[in-house]
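First up is the structure itself, then whatever we jot down about it.
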Amino acid sequence: MSTPSLIRLATRASRLALWQARHVEELIVRAWPDVRVEVVEVSTSGDRDRESRLAEMGGVGVFTREVQQAVLDGRADVAVHSLKDLPTEPVPGLELAGVPARGPRGDVVVLPQESGGASLEALPAGARVATGSLRRRAQLLHCRPDLVPCDVRGNVETRLRKLDAGEFDALVLAEAGLVRLGLAERITFRCEPAWMLPAVGQAALGLECRADDDAVAALLHDLTDPRTAAEVRAERSCLATLRAGCHAPVGVLVEWPEPSSLLRMEGVVLSPDGRRRVSTAMEGNPHAPAEAGRRLAQQLLAHGAAELLAADVPPTADE
């Protein structure tokens, strides 16, 4: 099978999304120097509407649908996603064919410039903590019910400007986004997994192509990191078995560390207010990651996760 001479990458037009697309371009050109890569910028409903709650726009898929459609329409060959935004339900006609090595997957707290404090415990009672994620909000409130969560939307730079302008006292973001944008110096402290598990697929990229495009699928398979692929397949299987959306108050951490022969898996489900929490930890077979993820979800369900997920409190913003 011959390698395509041109690969068109569809992506959101934010600075972070474009970094991700350029990163994929670099991976392609490094492996196949003769392949030409074009980036196709796509405006999504989640990018155009920065005021409405995600639930009012349909919630799941508001940052991925238009990018996927560009591939289905033939305007692009590959959709480049932040994997945490990609719904677990597959889209007919598309294949998730590539998962490159992920970045640092945790969350971090950012305080205004020139401020002190370097731990969750150091935040004063009543501190306004901004996040667009129901997962982060619930886990914060479980540990510190005296904090005041604030909704925030916009790209990373917009959120940082709002923080420095005094609209809130602290901001929770994904570490990978700050690192990729060259803003790692803004990290005040990292959230410990003991109290903040990451989102499913966090810091990983998902590369989709048309299901009948064998040449592009083969190229994307070659870009896949086996350890990251096993981890995220288990994570996404867990989320799918829970029947929870990618914005639900669910945290999952799956690691396949060297030289272990087993996956280390942790999962947590919370009520939206953080008062109730169920969690579990177990090991799984990295060569059967979907089954490992299902078992993790079944343990969470056995501990009462379904009741917590049934709470009708929609997410307010993207992560």
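Distance from the alpha carbon centroid of segment 157-180 to that of segment 247-299 works out to 28 angstrom. Among the GluC sites (Glu not before Pro) in segment 180-278, none sits in a DSSP loop with a Cβ that has at most 12 other Cβ atoms within 10 Å.
Taking the longest Cα principal axis of the chain as reference, the axis of helix 15-31 is set at about 40 degrees.
In the chain, the DSSP beta bridges split such that about 65 percent are antiparallel, to the nearest 5.
Would you mind classifying segment 115-198 by shape? Square roots of the alpha carbon gyration tensor eigenvalues, ordered a ≥ b ≥ c; an a/c under 1.5 is rounded, otherwise it is prolate if a/b is larger than b/c and oblate if not.
The shape class here is rounded.
What the Cβ-Cβ distance of A194 and R161 gives, at R0 = 25 Å and to the nearest 0.05, is a FRET efficiency of 0.20. Highest mean packing first, where packing is the average number of other Cβ atoms within 10 Å per residue, the peptides 151-160, 73-82, 34-43 line up as 73-82, 151-160, 34-43.
With θ taken as phi - 60° and the Karplus curve 6.51 cos²θ - 1.76 cosθ + 1.60 applied, the whole-hertz 3J(HN,Hα) list for segment 194-206 is 4, 10, 8, 7, x, 6, 4, x, 4, 6, 9, 9, x Hz, x standing for glycine and proline. Shown for the chain: the carbon plus sulfur share of the solvent-accessible area, taken with all protein chains present and a 1.4 angstrom probe, equals 49%.
Counting charges near D225 (Lys, Arg +1; Asp, Glu -1) among other residues having Cβ under 15 Å from its Cβ returns a value of -1.
Rolling a 1.4 angstrom probe over the protein heavy atoms with all chains in place gives the chain an accessible area of 43 Å² per residue. Taking only the alpha carbons of the chain, we obtain Rg and Dmax values of 19.2, 62 Å in that order. Per-residue Karplus couplings for segment 155-169, computed as 6.51 cos²θ - 1.76 cosθ + 1.60 with θ equal to phi - 60°, are listed in order as 6, 4, 5, 4, 5, 5, 5, 5, 4, 5, 7, x, 6, 7, 9 Hz, Gly and Pro entered as x. What does the net charge come to around I7 if you take all other residues with beta carbon closer than 9 Å to its beta carbon, with K and R at +1 and D and E at -1? Cβ neighbours under 9 Å give a net charge of -1.
Among residues other than R22 whose Cβ falls under 11 Å from its Cβ, what is the net charge (Lys/Arg +1, Asp/Glu -1)? Local charge sum for R22: 0.
The values are calculated or read from the model by the stated rules, or taken from the named source; none is laboratory data. Everything numeric in this text was worked out from a predicted model, so none of it was measured. Cβ: placed from backbone, ideal geometry, glycine included. Neighbour counts: every protein chain shown. Only protein heavy atoms, including side chains, enter the accessible area calculation; ligands, DNA and RNA are left aside. Shrake-Rupley method; radii C 1.70, N 1.55, O 1.52, S 1.80 Å.
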